[in-house]
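> My questions will all concern the structure given below.
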Amino acid sequence: MARALIFDLDGTLVDTVYAHVFAWQRALAEEGMPIDGWRIHRRIGMSGGLFTRAVAREVGRELSDEETEAIQKRHAAIFSELLPDRRPLPGACELLAELRERGIVHGIATSGRRPEINRSLEALGVGDGTVVVDRGDVARAKPEPDLFLACQAALGVEADDCYVVGDAVWDLLAARRARMLSVGLLSGGYGADELLAAGAFRVYEDAAELHRSLDELGFG
């Protein structure tokens, strides 16, 4: 059976994590929910809805579905304002290009939504030939396994043959629930100990180091 790689997007392939942190911080502050940036960072990678409700509970406030959706939309607008151009993380474009060239099965599964993620995909050189599953394609986002399972199904491989590559504990927890091995990258700000504790099979500095180490995952 062919092995496959399933990539998270933010913090794994593109340098967007901290712009998301600032965008969430502003959107929440505008709604009377000031929160420290580090607390937001610890939840980046969760779905926007889960994230917003978790923060609201932390500050002792209940939000309606309408308020939750409005905050998510405001976050998206601020994020686009803060980061109109997206920068691929080191080695990301080269890694994806080699996977395409060698015919290695791979896809992207992200808690982000279109059109918000489109600029990131363009910056990476990801075209229509690459399987991309976003939050709008599934009922539940990370840490639920739905995104990775949907990507696996679209790739036509078995869960046992997939490696999930992510930068946050939410990626790795979702991978475990999908019965997939996972690889952690430090490029999103989590420490190696945290990623290993969440279930990472291997931890690399960034996509560039992963690219150099494909043979360790059986893609030599």
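> Determine, yes or no, whether Ala178 is more than 16 Å from the chain's Cα centre (by Cα) and either surrounded by fewer than 22 Cβ atoms within 10 Å (Cβ to Cβ) or in the same structural domain as Glu144 (by TED's automatic domain parsing) (or both).
no
> Within region 99-114, count every residue that is surrounded by 14 or more Cβ atoms within 10 Å (Cβ to Cβ) and over 15 Å from the mean Cα position of the chain (by Cα).
4
> Here is a further query. Exactly one of (1) at positive phi; (2) surrounded by fewer than 18 Cβ atoms within 10 Å (Cβ to Cβ) is unmet by Ile35. Its number?
(1)
> Give me the pairs: first residue in region 178-190 and without any contact (Cβ under 8 Å) to a residue 40 or more places away in the chain and more than 16 Å from Glu216 (Cα to Cα), second residue among the hydrophobic types (A, V, I, L, M, F, W, C) and outside any strand (DSSP E or B), beta-carbon distance under 7 Å, and six or more apart or on different chains, which are they?
Close Cβ pairs (under 7 Å, with a partner that is among the hydrophobic types (A, V, I, L, M, F, W, C) and outside any strand (DSSP E or B)) amount to Ala178/Phe148; Ala178/Leu149; Ala178/Ala159; Arg179/Ala159; Leu186/Ala192; Tyr190/Ala168; Tyr190/Val169.
> Just checking, which of Trp24, Trp38 is modelled with pLDDT under 90, among the aromatic types (Phe, Trp, Tyr), over 30 Å from Ile104 (Cβ atoms) and outside the structural domain of Ala92 (by TED's automatic domain parsing)?
Trp38
> Ok, one more. Got a sec? Which helices (runs of 4 or more DSSP H) wholly within region 10-118 have at least 2 residues that are touching a residue at least 40 places away in the same chain (Cβ under 8 Å) and aromatic (Phe, Trp, Tyr)?
17-30
> Looking at (1) in a loop (DSSP other than H, G, I, E, B); (2) under 17 Å from the mean Cα position of the chain (by Cα); (3) surrounded by fewer than 24 Cβ atoms within 10 Å (Cβ to Cβ), which one does Tyr190 not meet, given that it meets all the others?
(3)
> Further question: Only one of (1) among the acidic types (Asp, Glu); (2) assigned by TED's automatic domain parsing to the domain that holds Glu158; (3) over 30 Å from Ser213 (Cβ atoms) fails for Glu98. Which number is that?
Evaluating Glu98 over (1) among the acidic types (Asp, Glu); (2) assigned by TED's automatic domain parsing to the domain that holds Glu158; (3) over 30 Å from Ser213 (Cβ atoms) leaves (3) as the failure.
The values are calculated or read from the model by the stated rules, or taken from the named source; none is laboratory data. Just so it is clear, the model here is predicted, and its values are computed rather than measured. All Cβ positions, even for glycine, are placed from backbone atoms using ideal geometry, and neighbour counts span all protein chains on display.
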